[in-house]
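Structure record follows, encoded as structure tokens.
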Protein chains: 2
Amino acid sequence: MAVTIRDVARRAHVSVATVSRALTSPELVRPETRSRVLAAATELGYQPNRAARGLITGKTGNIGIVVPDLDNPFFTGVLKAVQARAMQADYAVFVADSDEDPVTEAKLVHAMAKQVDGVVLCAPGLEDSQIYEVAGATSLVLLNRRLPGVPAALMDSAGGMHAVIDHLVALGHRRIAYLNGPRTSWSNQERRRGLLSAVAQHDVDLVDLGPFAPRYEGGLQAADLAVAADTTAIVAYNDIMALGVLARLRDRGITVPGDVSVTGFDDLTYAALCSPALTTVAMPVAQAGRTAVNLLLDWLDSDNTEVPQIVAETQLIVRGTTTPPRR
Amino acid sequence: MAVTIRDVARRAHVSVATVSRALTSPELVRPETRSRVLAAATELGYQPNRAARGLITGKTGNIGIVVPDLDNPFFTGVLKAVQARAMQADYAVFVADSDEDPVTEAKLVHAMAKQVDGVVLCAPGLEDSQIYEVAGATSLVLLNRRLPGVPAALMDSAGGMHAVIDHLVALGHRRIAYLNGPRTSWSNQERRRGLLSAVAQHDVDLVDLGPFAPRYEGGLQAADLAVAADTTAIVAYNDIMALGVLARLRDRGITVPGDVSVTGFDDLTYAALCSPALTTVAMPVAQAGRTAVNLLLDWLDSDNTEVPQIVAETQLIVRGTTTPPRR
DNA sequence: AGAAAAACCGTAAACGTTTTCGAGCGCCAG
DNA sequence: CTGGCGCTCGAAAACGTTTACGGTTTTTCT
């Protein structure tokens, strides 16, 4: 059916071993025969069977990525970068969606383990111990989750949140609401950490609300609580919640940013497109995705002695939803 | 290293052949020994090596999907469904992003061909002939592109567009602008087809503008042309363009839907979230994704005699950007 | 020129499965 | 009692590669 290494060998008048060498370690064969082999290979349109190769080398040439939700632009941004970088390095990528469920998350990386050289696990909801457990099944690099002993591509969301508070304080806000995302999520903890550190050095009142579902509906619900708390600025856990907040405020006749300032987090595309455009912090998803596969690839051919955790910088994007408070 | 079929065989005191049979075709082995094998397998945590299996069976247990842009929620919606359905059927899925480039598109399916049992090709920009060419490399099912002889999962976007015009005409609009997407794209042709058929039976003036880039910026540009043409309704090729139109109109002080009605297409999440919420047509992306892999799976074990092309219904979602014209 | 070293390449084993073939066995019919 | 059949299972070949090992040729050195 398909063209095999034997066909190439026959056509080039060499053994299969030579063909293999000519393709994978060219320095081991005389230039003349090598070009003969290469010619035969391209003429026949030969592509090595990766399964067979993997069987003997133990490497598959594949990597996996498991994300909590493929409908979330945040993760697809990561995915896009991972895919691109992997392709560059001649790796193919398996994708799986855990639907935010920790147990399928674990199941998925176990299922992938046999077919990949490593997997990047995005923002897992797993317990620390469970992560260590799945890390035993394959090479793992985390994205948006820090854990001692396992390499990770991180984003400085704490720093981003710090910048948000600095920005609001500079505008003159002194009473600020934070709308928490899921309490147990590592992201929320990080964002909150940056928030608290900034608040501590600025002498402002923090109204800590939630947790809320990190969705549009969560924002709708949270908005009322924030205005009831008489704050002049509302810091949402993420953009989608912020959009909910904006919608609810508009419905109630509260103008943004006139009556109250609002910030999001993530800089999803629609943050720039809604009106007024949302002040938010941009996450370097593409960069993180790229470094995640870089880490994985490095990890694969190295003595695994050091465990790099690379954090990429976030960036505050000031748009139309933040101004000085009314008075 | 990993636990192999031989380990299981040893522990169950049978041959490797029996283990294989017990796992893949249970009816061929005595129930008693089968349970002994199963016990041994689970005790050891045995998972068959799919590469080795694929080597002999010729099936990989993988499917591939190539999309034009992973940042586009439309395609990730498809991807999510494809992934879910594939997982259900115990298939793993490779994903690749062509970056809207037809030649990488072809290259990608060729590269995948060896590692998958089939690929679903989403909204390809390839010429018909090139599609037939890549279809030779592996089992192919198209999504959002119809081509004689190759199975496809389609969505009735023509019907959706027809519904849009019916809706606008019912509201009283008689002069309508259509903002074309890329001329050569199958999607634009389909939408335009539905548009023209509706226009023909309604006696309205159609102002055919473009093509424009199917992006926010394209909408900004198109908006001015549409108002210059003195239309009372603007039908955009897709939601993102519609958002651009809304932004540009707002900047110019033209109110929506008061002065002019606007419609989008695709029903991406932000269509519901912007304000006023966008009237648009919902594409059954999840359903299409599912049927795409169903088609692929059916195709794989059947006599390939019939070539099903299944079209899923679209649905007009009336929201806040459409009302009767001012006078 | 002769020997040692290096360069090149072929033979065959190995990777972990599935599957063909046939052996052993019990059973039933003739 | 014999022949045949059905059931269960083991031995071994096969899938398409890579790679250890050895053999042959070429180069290098004296």
> in contact (Cβ under 8 Å) with a residue 40 or more places away in the chain and either more than 8 Å from DNA strand D (Cβ to nearest atom) or over 30 Å from A:HIS110 (Cβ atoms) (or both), is that true of A:ALA17?
Replying inline: no
> Can you name every residue in segment A:62-96 that is more than 18 Å from A:VAL109 (Cβ to Cβ) and within 16 Å of DNA strand D (Cβ to nearest atom)?
Replying inline: A:ASP90
> Which residues, taken from segment A:226-249, are of a type in the set (D, E, K, R) and more than 32 Å from the chain's Cα centre (by Cα)?
Replying inline: A:ASP230
>> Tell me yes or no: at least one residue of segment A:206-220 is crowded, with 19+ Cβ neighbours inside 10 Å and within 19 Å of the chain's Cα centre (by Cα).
In response: yes
> Among A:ALA170, A:ALA158, A:ALA153, A:ALA198, which is closer than 30 Å to A:VAL119 by Cβ, out of contact with any strand residue (DSSP E or B) (no Cβ under 8 Å at 6 or more places or on another chain) and at pLDDT 95 or above?
Replying inline: A:ALA158
>> Quick check on A:ALA9: is it more than 20 Å from the chain's Cα centre (by Cα), open to solvent by less than 20 Å² (accessible area, probe 1.4 Å) and more than 9 Å from chain B (Cβ to nearest Cβ)?
In response: yes
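Condition check ((1) modelled with pLDDT under 95; (2) over 20 Å from A:LEU243 (Cα atoms); (3) within 14 Å of chain A (Cβ to nearest Cβ)) across all residues:
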residue: B:TYR216; (1), (2), (3): yes, no, yes
residue: B:GLY219; (1), (2), (3): no, yes, yes
residue: B:VAL260; (1), (2), (3): no, yes, no
residue: B:LEU268; (1), (2), (3): yes, no, yes
residue: B:SER275; (1), (2), (3): yes, no, yes
> A:ALA286 passes all but one of (1) assigned to a helix (DSSP H, G or I); (2) within 28 Å of A:VAL169 (Cβ to Cβ); which number fails?
Replying inline: (2)
>> Looking only at segment A:12-28, how many residues end up being open to solvent by 40 Å² or more (accessible area, probe 1.4 Å) and either more than 8 Å from DNA strand C (Cβ to nearest atom) or within 14 Å of another protein chain (Cβ to nearest Cβ) (or both)?
In response: 3
> Taking the condition within 19 Å of the chain's Cα centre (by Cα), more than 8 Å from DNA strand C (Cβ to nearest atom) and within 14 Å of another protein chain (Cβ to nearest Cβ), does B:THR104 pass?
Replying inline: yes
> So which of B:VAL311, B:VAL293, B:VAL227 is more than 26 Å from B:HIS173 (Cβ to Cβ), open to solvent by 10 Å² or more (accessible area, probe 1.4 Å), aliphatic (A, V, I, L, M) and not in a loop (DSSP other than H, G, I, E, B)?
Replying inline: B:VAL311
>> Anything in segment B:57-97 that is aliphatic (A, V, I, L, M), more than 7 Å from chain A (Cβ to nearest Cβ), open to solvent by less than 30 Å² (accessible area, probe 1.4 Å) and out of contact with any Lys or Arg (no Cβ under 8 Å at 6 or more places or on another chain)? List them, or say none.
In response: B:ILE63, B:ILE65, B:VAL66, B:VAL67, B:VAL78, B:ALA86
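The values are calculated or read from the model by the stated rules, or taken from the named source; none is laboratory data. Just so you know, these numbers come straight off a predicted model, no measurement behind them. Note that we place each Cβ from the backbone using ideal geometry, even for glycine, and neighbour counts take in every protein chain shown. Each accessible area value is taken on the protein alone, full model and side chains, heavy atoms only, with ligands, DNA and RNA left out. Shrake-Rupley method; radii C 1.70, N 1.55, O 1.52, S 1.80 Å.
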